[in-house]
1. Answer with yes or no whether G107 is surrounded by fewer than 17 Cβ atoms within 10 Å (Cβ to Cβ), under 15 Å from the mean Cα position of the chain (by Cα) and over 23 Å from D196 (Cβ atoms).
2. Here is a list: A164, A189, A170, A232. Which entry is in the same structural domain as A257 (by TED's automatic domain parsing), in contact with a helix residue (DSSP H, G or I) (Cβ under 9 Å, 6 or more places away or on another chain) and assigned to a helix (DSSP H, G or I)?
3. Given the residues S154, S89, which is the only one that is surrounded by 17 or more Cβ atoms within 10 Å (Cβ to Cβ), touching a residue at least 12 places away in the same chain (Cβ under 8 Å) and either over 21 Å from K39 (Cβ atoms) or of a type in the set (A, V, I, L, M) (or both)?
4. Going by what's in this entry, would R33 be described as within 20 Å of the chain's Cα centre (by Cα), modelled with pLDDT of 95 or more and among the basic types (K, R)?
5. Over 18 Å from F213 (Cβ atoms) and of a type outside the set (K, R): is that true of E280 in this structure?
6. Which is part of a helix (DSSP H, G or I) and of a type in the set (S, T, N, Q), of Q227, Q207?
7. Identify the residue in the stretch 137-148 that is touching a helix residue (DSSP H, G or I) at 6+ places or on another chain (Cβ under 8 Å) and not basic (K, R) and, among all such residues, is nearest to R206 (Cα to Cα).
8. Pairs under 6 Å by beta carbon, first residue within 17 Å of R87 (Cβ to Cβ) in the stretch 47-61, partner loosely packed, with under 14 Cβ neighbours inside 10 Å and not polar (S, T, N, Q), six or more apart or different chains?
Amino acid sequence: MRLRHLFLIPALLSSTFAAGEDWTADYEAAKKRAAAEGKDLLIDFTGSDWCAWCIKLRKEVFEQPGFAPAKDKFVLLELDYPKDESRVSEAVATQNAALIKKYPIKGYPTILLCDASGKPFAATGYQPGGPDKYLPHLDTLLAKKSARDQAIASASSKDGVEKARLLIGALEGMGLDNSMLVSNYPELAAEIKAADPADATGFTARQGNEEAFATFMAKLGELRSKQDLEGAMKHVETTLADGTIKGELRQQVYGHAAGTLASAGKKDEAIAILKRAIAESPDGPRTKELSDFIAILEREKAGLPPK
């Protein structure tokens, strides 16, 4: 463990980082500055010493002079998750470990746009074309915050299902993963449920389905990290048997089970579970994806290169 003197922590948190001198790693300070200056947050979730696309984004966009106008609209915050732990201070590493739970991103790089309070309203990643393309792209994402705020304002004067639909529109219009919404907008979810207790919108059912899937994935990830294949597959079968997860997400359970088996070299078993998924839901939204996975595994078994 790296030892740090406590009196150094504030300076380490506010120091500049790989993306350039205009960036900070101090989340709370970034929010305060954004509030004081009337700006939003642009958060770069990066792996500075291992993520090729993160490095590419930084070099092609963030380090270019043409990206400078972004500072007029955003406070720039870099959250780095490097393999070499010495690249960030212990204080920063502790902060970032907490923030990855608040903002459960799906991959790197993720660029998350948040208002000054830290509420996310849009997400993106690498985009080709340098600053000339990236800045207009960010402008289109800023419009999502305005749409969110307008929908919430409109809902404040409505009741019942009409109010619920407006709030659902506010959430869905941001295009964020459900796990991100659950973590950052619990108050809106509560308002929707209160306005629509009979669940005429289906929101409560959908949210329950997605929360069950998130719980499934968290445990599956834990078992994978322990290389407990038997435990992982038991977890899959228990989940499929209880029927809590439905529709497209149920097909994803099958897909993740097949991926777990395939990564352990058990291609025949992976193919079998994919075929089982397709037989269960031949017209499902993920059926073609599952079929394509079978084709990939069959080619690997035959020693053929991927198409």
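The values are calculated or read from the model by the stated rules, or taken from the named source; none is laboratory data. Owing to the predicted nature of the structure, the values given are computational and were not obtained by experimental measurement. Here the Cβ is made from the backbone with ideal geometry for all residues, glycine too, and neighbour counts use every protein chain on show.
1. Working: surrounded by fewer than 17 Cβ atoms within 10 Å (Cβ to Cβ): yes; under 15 Å from the mean Cα position of the chain (by Cα): yes; over 23 Å from D196 (Cβ atoms): yes.
Taking the combined requirement at face value, the residue satisfies it.
2. Values: A164 fails: in the same structural domain as A257 (by TED's automatic domain parsing); A189 fails: in the same structural domain as A257 (by TED's automatic domain parsing); A170 fails: in the same structural domain as A257 (by TED's automatic domain parsing).
One residue alone meets the criteria, A232.
3. Numbers: S154 fails: surrounded by 17 or more Cβ atoms within 10 Å (Cβ to Cβ).
Residue meeting the stated conditions: S89.
4. Numbers: within 20 Å of the chain's Cα centre (by Cα): no; modelled with pLDDT of 95 or more: yes; among the basic types (K, R): yes.
Judged against the criteria, R33 is not a match.
5. Numbers: over 18 Å from F213 (Cβ atoms): no; of a type outside the set (K, R): yes.
So E280 does not fit the description; no.
6. Working: Q227 fails: part of a helix (DSSP H, G or I).
Every option except Q207 fails the conditions.
7. Step one: of the stretch 137-148, the residues touching a helix residue (DSSP H, G or I) at 6+ places or on another chain (Cβ under 8 Å) are 138, 147-148.
So of that shortlist, the ones also not basic (K, R) come out as 138, 147.
Details: L138: 29, A147: 22 Å.
This residue is A147.
8. D49/K83; D49/D84; W50/K83
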